[in-house]
Structure formats: C-alpha cells, structure tokens
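Structure record follows, encoded as structure tokens.
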Amino acid sequence: MSSDGNKKQFWKRNAAKVPGSIQHVYGAQHPPFDPLLHSDLMKAGNKPPPATPGKPKKATTFQEFESITSDAWDVGDDDDELLAMAAQNLNIEVVMETANKVIENHSKQQERQRHDDTTEIGQKDENTQEEMAEEEEEDEEDEDADAQVEEGDAISPDVSFASLSSPFGDGRLVKSQSEAPIGSPRDVAGERAALHRQRSLPHRPPVIPLVARMADQNTSGTPAMTEREASRLDKFKQLLAGPNTDLEELRKLSWSGIPRQVRPITWKLLSGYLPANAERRESVLQRKRQEYFGFIQQYYNSRNDENHQDTYRQIHIDIPRTNPLIPLFQQASVQEIFERILFIWAIRHPASGYVQGINDLVTPFFVVYVFEYIEEEVENFDVSSLEEEALRNIEADSFWCMSKLLDGIQDNYTFAQPGIQRKVKALEELVSRIDESVHRHMQHYEVEYLQFAFRWMNNLLMRELPLRCTIRLWDTYQAEPEGFSHFHLYVCAAFLVKWRKEILEERDFQGLMILLQNLPTMHWGNEEVSVLLAEAYRLKFAFADAPNHYKR
C-alpha cells in the first residue's frame, strides 16, 4: 500500500479522536494529531475550517494543533569526579570518553546478567531432564495399573491434560488437548527453544508501581537502600545541615539523583523557592504559603466570572484526565487542589494563561511534597487522611515550585507556543546530525517532528515516561543549568535515537506514528533513565558549543 494510502487509513481509524468529535478526550494515553498539519491530506480534499477573521492562517492552524495536545551515573566511585567535571567548561573528548564509559559499563552489566541467566537456565534444564527420566521410569512401572482401567471409566482428554503439569516446568496447567505439547519432535524442540529464549530475558516483576516509593527504587527488585545509596544520603544530610547550603555542591550531588528522604527540601532549594540560609527558610515558607492562600481568597471566587469562565472550564475538564492510571489523582480533594493551583497561575500569567499540558507539570511536585508527610506508598494513599495544615503546605509549595519551573519556559505556552516550535526545529536539526539514518527514514515516510515531538516539549516527556521516571529525571533537570529548557532538548534527542532499531523497522507512515505514540517505557526504572541521561550529557557537550550545531 502506498504511503498516502496508509496515512489516509491512519486518520480514518482515528477520526473519532479528531478535535470537534464527541469522543475526543485530551489527556488520553496517546493524544491524537491534527491531520491538517499534513499537506497531502489537504490535497486529498480535507479542507481546514476557515480561519478566524483578523488572525493569520498559520497561527490559527498551529493553535488548532496545540489544542490537542539509583543514580544517573552507575560508575561507582567515579561519581564525584564526574560531577565535578560537569560544573566546568569541559574538553569535549574528555566528556565523551566519560559518557561512553557509563554506557559501556551498562552494556557489560547487561551482558553479565544475560550470561548468568543463561547459565542458571542450563542448570535448570539439566535438572529437568533428570526429573523427566525418573518420571519415565515411574510411568513404566505404572503401565500395568493404567492398563486395568476399563473403557467406560476412561479419563476424557480434557480432564487428563488439565490434571497434568506442563512439561515446560513453569507450573502452568494445560487446559485442553489443543494446548498440550503434542506434535512432531521438531515442534516440541521449537517450543522448548522459544521457552529457553523467553527465560533468558531479564526478569521483570508482573506489576510495577507507576510512582516509586523510594527515590532510587529500581524495577529489578534490588534492596531499597544499598551501602552506596546510604553513603549518598549521608552526603546530602551533611550538606543540608550547614547554616548556609552550598547550592553549587548541592547541584553536583543532585545530578546523579536525590534520595527520597531529602528530595522535598532539595527541590525547594534548587528551584529557588527556599533560600540557602537555613535560619531564613521557615519564615520564607510561612510568608510564601500565606501569600498563595491570599491569592486564593482574592481571585478564586472569580472563576465563574465571564472573563475567566473559559479558563476555569478547560482546567476543570483537564484535571480528571491527569494521570488517569494513578488512583491518587482521581481523588476529589486532589483534583480541587490542582484546580486552584492552575487557576491562580493562569490569571497571574495573562500572557499565556492556562494551556493544556500545564496540568501535568503539577504532578511531580505534588507527589514529592506528599512524601514529606508519609512513609507508605502514594499511588493509593488517601490524602484526606492528612491534617489540613499539611495539605495546605503541599498545595502552596507545589504552586510556587511549578511557577518557578514555568518562569523558565513560559514561551512554550504563549500564543502559538513559539518556544515549542523552536525546540522542535532544533531537535530535528540535532537528530539529522547525530543519526542521519533515523532522520532520513522519517523524512522518507513524511513524518514531521512536530507530529510527535510537540508533546515531548509541551509535557516535558511526562506522557512518554512513568511518573517514577519523571521524578528521577527532574532531579537532574533541577540540578542542570537550564535543565527544563536547554538540557531537555538533548534528552529528547537521546530518547528518539534510543528507539532507532524500532523506527528503522517500520516501513510506513502509520506504523511510525503508532510506534512514536506508544513507545514501550512502562517497565522503565533508574537503569534506563541512567543511560538516557548519559547519552544526553554526551550529546550536550559534543554539540552545544559546536559552531555548526544547528546547521548541516
């Protein structure tokens, strides 16, 4: 089928998701894309709605589009040296060598894990063969007894197979004759080979929490606190205990991840919400929290005023769609907190106002500051069980830290979102230099970067990663100079190239778009984020100061 035919089928299947449709839901796992952005579809007869009088056609079209829309360096004792290097103007060769070392260590670790798994499986197979040989001897001894069963008492095939353990040795019961491993020896050998490959894969737990309780929790089931992690926690505590916290040292230490126990205070310091002077912190907190609730008293009742109705209505619609898979965010009290935070921010920033996607940016702060008051898992935690003062503190702190973040990227959310347009263009130019094969492949099948990377920039990859990974990623973003704006570009480039094999295997527009909307990151943990950050770190220092950074 031609490329044009695939694109038409793709948009036809997703027609119910196009803006204006009753079934369209912003905030779903994979928000739809505006077919108006694809010129071929316009040629096919799908005309865009008439532009609003007085507004340029280009801006209107883009507004329509936007409306739908463990440690980072697992290198042991080299952390301190690496982070000290990060604060200096580094020689590119040195930085690339260091980043390559991180990635090489990661590859070696994976290879050792695969070798250990294979060895263990080989031992299990030998044991299984011995057990099967013993069972055959027992079966021969029991043949006479089996032969005495009368025809009228014969066991039905379904019952007999259901009562037998699977010869695969995985504890699975075969339900029917069709499921039993009956066939030629070649078939059985093929099934056993497939099982061997399956068992050789790294073990993954069946259920992985979307929000990790511990800051350095891995998906591999490792202990919550290793000796190295305990040592890092002590370093944080010593640094934070002084009368004046050295913010530069705190950034260096935080780049590799922040332990859960000290993450709330560290985020507040790195964002500029709290002063470095320890004696002033409590008074600043009290003043800023009172100021926020003063805004609530002054402005929140105006949400039903005619000039604010559209803003509040959109916020009210988007809030239930924020992290729909996490029960915490479906609680009425949590949604009311988010509505107040977003409404107050919107009316205090009229240049941009509320834009869909900003609602996602509240969630990491909210989760981190809830952890300041609880020890248990947060996904199903009932926040109404907290004292009212604690809830008020969490709400105010989340508002101010989100505001600090948005101050650095507000041009992402002003009219026509010029900041995002520039970043998407920069991403395209960067990818064309670091992986020309991927870039040309997407060009060949007419995939525009704006069609998938708009969401990456608008939501800071929050729709592409589990929340536990976003929190870890933001440790580094807050430690890195211009982390949410400049460094995020290199993280997105590393993220795209991470999937180069899967991208190059897709041979049509539809397949590429579905892949880029459904990247398989639900199992990700610290290990995957570590490699992503290492790649981004290497790309930044290899290209950021290059004179032809954005030129071919």
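Kindly indicate the residue of region 415-430 that is open to solvent by less than 20 Å² (accessible area, probe 1.4 Å) and not β-branched (Val, Ile, Thr) and also farthest from Val491 (Cα to Cα) among those meeting that condition.
Ala416
Taken as a whole, the condition of being of a type outside the set (A, V, I, L, M), in a loop (DSSP other than H, G, I, E, B), open to solvent by 10 Å² or more (accessible area, probe 1.4 Å) and closer than 27 Å to Lys252 by Cβ does not apply to Pro520. Inspection of region 296-303 identifies no residue that is assigned to a loop (DSSP other than H, G, I, E, B), more than 30 Å from Leu247 (Cα to Cα) and either among the aliphatic types (A, V, I, L, M) or in the same structural domain as Arg348 (by the TED database) (or both).
Residue by residue, here is whether (1) open to solvent by 20 Å² or more (accessible area, probe 1.4 Å); (2) in the same structural domain as Asp310 (by the TED database); (3) of a type in the set (S, T, N, Q); (4) assigned to a helix (DSSP H, G or I) holds:
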{"site": "Ile344", "(1), (2), (3), (4)": "no, yes, no, yes"}
{"site": "Ile347", "(1), (2), (3), (4)": "yes, yes, no, yes"}
{"site": "Pro350", "(1), (2), (3), (4)": "yes, yes, no, no"}
{"site": "Tyr354", "(1), (2), (3), (4)": "yes, yes, no, no"}
{"site": "Val368", "(1), (2), (3), (4)": "no, yes, no, yes"}
{"site": "Tyr373", "(1), (2), (3), (4)": "yes, yes, no, no"}
{"site": "Glu376", "(1), (2), (3), (4)": "yes, yes, no, no"}
{"site": "Glu379", "(1), (2), (3), (4)": "yes, yes, no, no"}
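The residue that is farthest from Met402 (Cα to Cα), counting only those in region 230-252 that are open to solvent by 20 Å² or more (accessible area, probe 1.4 Å) and within 25 Å of the chain's Cα centre (by Cα), is Lys252. Given the criteria touching a helix residue (DSSP H, G or I) at 6+ places or on another chain (Cβ under 6 Å) and modelled with pLDDT of 95 or more, does Phe509 qualify? Yes: the conditions hold for Phe509. Contact map, region 498-516: residues that are among the polar types (S, T, N, Q) paired with residues that are crowded, with 16+ Cβ neighbours inside 10 Å, Cβ distance under 8 Å, separation 6+ or inter-chain. Pairs shown: Gln510/Asn6; Gln510/Lys7; Gln510/Phe10. The single residue among Arg433, Arg455, Arg468 that is crowded, with 20+ Cβ neighbours inside 10 Å and farther than 30 Å from Arg289 by Cβ turns out to be Arg455.
The values are calculated or read from the model by the stated rules, or taken from the named source; none is laboratory data. Quick caveat, the model's predicted, so the values are computed rather than measured. Ideal geometry is used to build each Cβ from the backbone, glycine not excepted, and the neighbour counts take in all protein chains shown. To get the accessible areas, we keep the full protein, side chains included, count just its heavy atoms, and leave off ligands, DNA and RNA. Shrake-Rupley method; radii C 1.70, N 1.55, O 1.52, S 1.80 Å.
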